[in-house]
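Enquirer: Input: one structure, supplied below.
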Amino acid sequence: MLKINNLHASVEDKEILKGINLTVNAGEVHAIMGPNGSGKSTLAAVIAGKEEFEVTEGEVFLEGENLEDTSPEDRAHKGVFLSFQYPVEIPGVSVTNFMKTAINESRKAKGLEDMPAKDMLKLIREKSELLEIDRKFLSRSLNEGFSGGEKKRNEIFQMAMLEPKLAILDETDSGLDIDALRIVANGVNKLKSKDNAVIVITHYQRLLEYIVPDFVHVLHNGKIVKSGNKDLALELEEKGYDWLKQETVI
Amino acid sequence: MAYTEEELKKELETKEYEYGFYTDIESDTFPNGLNEEIVIAISKKKEEPEWMTLWRLESFKIWKEMVEPEWANVKYKKPDFQAISYYSAPNKKPKYESLDEVDPELLDTFKKLGISLDEQKKLAGVAVDIVMDSVSVATTFKKTLAEKGIIFCSISEAIKEHPELVKKYIGSVVPQKDNFYAALNSAVFSDGSFCYIPKGVRCPMELSTYFRINQAGTGQFERTLVIADEGSYVSYLEGCTAPSRDENQLHAAVVELIALDDAEIKYSTVQNWFPGNKDGQGGVFNFVTKRGLCEKNAKISWTQVETGSAVTWKYPSCILKGDNSIGEFYSIAVTNNFQQADTGTKMVHLGKNTKSTIISKGISAGKSQNSYRGLVQVNSRADNARNFSQCDSLLMGNECGAHTFPYIEVKNKSAQIEHEATTSKIGEDQIFYCNQRGIDTEKAIALIVNGFSKEVLNKLPMEFAVEAQKLLEISLEGSVG
């Protein structure tokens, strides 16, 4: 599904990713953990194609296709989804209208007609039930005045609507209380299949109790310094990141 | 943000005015210049009664004494008023009963504009009074309207057929001496629309006029007069497109609305005149005076979507004369490239318990300048007057400007005035967020702009709202680099 080779990326000449190697297969859940400033969010943004970051070396492949020179919207059309750590507000644009536009733009890119209103409605009903979202919520302006939990739940709702191949959840657990966390995690678990893959970026192992990863990677100073199974997350929780920092000092 | 400098340039080049063609119809055009003889000739050409000729001459005399105003936040080369021809009419003048009789080339023009009359008739139930180079050439649905006693015709026709109404109301809201352009318009107005809704009648359909300037070098001086008699209601739509030209075209229209006791007038405009090319050459000068008078319990609502013209100078206003009357102004003004707009409203509270609402959305892109200028005036006798104003500006890029000039004059202590203003910029983060969901940058901007303008778009009649949304998209194509 996703293959990253020796990826280096910088912003304003400051190198943030310093040679990432990562392979994610369909049906897998990967967790990327690491202390603040280790490059977790940058990695997510680079996979999504944010142009602020310059890829100086290495490649990102999605289903065998090199994503170099692929615009963020085209990556989205190919099935990359990023759940933002800080979702932006778009005043006056309802969640429904935003989703309708996103879905139809993706369909257009694939040479399909707009989704019939009837089907759209059905899809919205189905997915909002899945995530226990009040229908009234969908008529509100996108993220405007949303609580932290509402914003994150809205991100996962969008993921459900767009049915991506590769979903990257960037700190989706931050700002969530335990109930919201459970709902969001349940949603992600229900959306998981053998045909898609999920990368969970998180600080704490709390979320991983609900979304159980097949692999855990620790990012430090722009590199993956350790990989393992879900036990690695527990070990990290116990010992803290300092343990790793010491272990990996070059 | 997703664009390189080179791509941006290409985008802008392909964004040339899409209605930039012009129709080759024989025109009957006066020589350039303005003097008393020309004024008399216009009046004669239109077979007007003597009182009208005299009124025009009086206006001309007033105009000669006036100077062009300079207070607006716009810069342009002043037109040479002696280098303009003041009358141009399509040659084949007779009125048509059916479309078959209309010059096929003219019909073709309408088709290019996407306003096929047939479609209009069927789809929207709209009676369209088309003003093509100043003379109305087709009026539809007139019979249906006539059954209700509604008069909807060209102002020239009204002068002949309903002189008592025209005589009573013309210049009653916008006097000849009101301002330089209004005086000029009063002297030389070529044609325009007239509408009268009788007492207690609710006009069953939206009345719509499409304006179009079509003759090189001829200014267009439209005159519109809408009278809603006691307890009546009318919704009036005005939409415009103009062909692209090198030299500047002057447009100085006057619109007067009269809402008698308990009447309501809703006046909506979509304006898309040629804004000049990407280097700021050419484009329409739009110097318009629009004003409405509200008697007791009456309501006037102005809604405008302004995307065109090189220079716009326009302040649709309400005189809230009667007690409990209501004035509303909802505006979206978009400027791109080198466009300049100085637009807003005046709400003059004279009666007791009068209310006004102002919602203005300014969107600036390119190197354009966009100003909101508004006056809220509360007279000493206007007890319990209330106003709410909201002026929001949205900026794209770093080379454009947004300005707000609110004037508030209150002479009555019981007045309640609220003013809110915001300025925001379309952020790269907003665009990336949309991109990530599969929405490209152009579409993302359209989405954000439509969201920003929603409160005003919602005030437009349905068929107009769709057109307006498209217009916003076209106007801002390639505007974020």
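Enquirer: So what's the back-of-envelope 222 nm ellipticity for chain A, counting only DSSP H runs of four-plus at -39500 (n - 2.57) apiece and dividing by all residues, rounded to 500?
Expert: Here the helix-only value at 222 nm equals -11000 deg cm²/dmol.
Enquirer: Now a separate question. Heavy-atom accessible surface, probe 1.4 Å, ligands and DNA/RNA ignored: which residues of the range A:55-80 lose at least 40 Å² versus the isolated chain?
Expert: Residues of the range A:55-80 that lose at least 40 Å² of accessible area once the other chains are added: A:PRO72, A:GLU73.
Enquirer: Pull up all non-local amide H partners of B:ASP191: gap of 5 or more, or a different chain, and H-to-H distance under 5 Å with H placed in the peptide plane.
Expert: B:PHE221, B:ARG223
Enquirer: Under 13 Å from the Cβ of B:THR354, count the other residues' Cβ atoms, weight Lys and Arg +1, Asp and Glu -1, and hand me the total.
Expert: Charge balance in the 13 Å sphere: +3.
Enquirer: Using a 1.4 Å probe on protein heavy atoms, which residues of the range B:406-435 have at least 40 Å² less accessible area in the complex than alone?
Expert: Residues losing area: B:ASP429, B:GLN430, B:PHE432, B:TYR433, B:ASN435.
Enquirer: What residues qualify as long-range amide H neighbours of B:SER208, i.e. H under 5 Å apart, gap of 5 or more or another chain, H built at 1.01 Å from N?
Expert: Distant-sequence amide H within range of B:SER208: B:ALA127, B:ASP129, B:LEU237.
Enquirer: Ignoring any ligand, DNA or RNA, what whole percent of the accessible area of chain A comes from carbon and sulfur when the probe is 1.4 angstrom?
Expert: It is 46 percent, rounded to a whole number.
Enquirer: Tell me, what ³J(HN,Hα) does each residue in the range B:174-186 have, in order and in whole Hz, if you take phi through Karplus 6.51 cos²θ - 1.76 cosθ + 1.60 with θ = phi - 60° and put x for Gly and Pro?
Expert: With coefficients 6.51, -1.76 and 1.60, one gets 10, x, 3, 8, 3, 7, 3, 6, 5, 5, 4, 4, 4 Hz.
Enquirer: Moving on to the next point. With a ≥ b ≥ c the root eigenvalues of the C-alpha gyration tensor of the range A:137-207, is it rounded (a/c under 1.5), prolate (a/b larger than b/c) or oblate?
Expert: Oblate, because a/c is 1.5 or more while a/b does not exceed b/c.
Enquirer: Cα to Cα, under 16 Å, and not fewer than 8 places away if on the same chain: which lysines meet these conditions relative to B:LYS148?
Expert: B:LYS199
Enquirer: Can you compute the radius of gyration and Dmax for the range A:156-250, using only the Cα atoms, both in Å?
Expert: Using the Cα atoms of the range A:156-250, the pair Rg, Dmax is 14.3, 45 Å.
Enquirer: Calculate I(q)/I(0) for the range B:144-186 by the Debye formula, one identical point scatterer on each C-alpha and no solvent, and give its log10 at q = 0.14, 0.22, 0.33 Å⁻¹ to two decimals.
Expert: Ignoring solvent entirely, the Cα scatterers give -0.42, -0.81, -1.07.
Enquirer: Could you compute the net charge surrounding B:SER232? Neighbours are other residues with a C-beta less than 9 Å from the C-beta of B:SER232; K and R count +1, D and E count -1.
Expert: In short, -2.
Enquirer: With an 8 Å Cα cut-off and a minimum separation of 6 or more residues, compute the relative contact order for chain A in percent.
Expert: 28
Enquirer: In addition: Using only the alpha-carbon atoms, what does the range A:1-152 span along each of its principal axes? Please give whole angstrom values in decreasing order.
Expert: Taking max minus min along each principal axis of the Cα atoms, the range A:1-152 gives 46, 36, 30 Å.
Enquirer: Over both sides of the B-A contact, add up the buried accessible area with a 1.4 Å probe and give it to the nearest 100 Å².
Expert: About 2200 Å² of accessible surface is lost on pairing.
Enquirer: Let me ask something additional. Under 15 Å from the Cβ of B:GLY427, count the other residues' Cβ atoms, weight Lys and Arg +1, Asp and Glu -1, and hand me the total.
Expert: Every neighbour counted, the sum reads -4.
Enquirer: Under 4 °C and 1.567 mPa s, how fast does the range A:1-54 diffuse according to Stokes-Einstein, given a Kirkwood radius computed over C-alpha pairs? Answer in µm²/s, whole number.
Expert: 109
Enquirer: Excluding ligands, DNA and RNA, what is the solvent-accessible area per residue of chain A at a probe of 1.4 Å, expressed in Å²?
Expert: 46
The values are calculated or read from the model by the stated rules, or taken from the named source; none is laboratory data. Because the structure is a prediction, the values reported are computed rather than measured. Every residue, glycine among them, receives a Cβ derived from its backbone with ideal geometry; neighbour counts consider all protein chains shown. Surface accessibility is based on the protein's heavy atoms, side chains included, excluding ligands, DNA and RNA. Shrake-Rupley method; radii C 1.70, N 1.55, O 1.52, S 1.80 Å.
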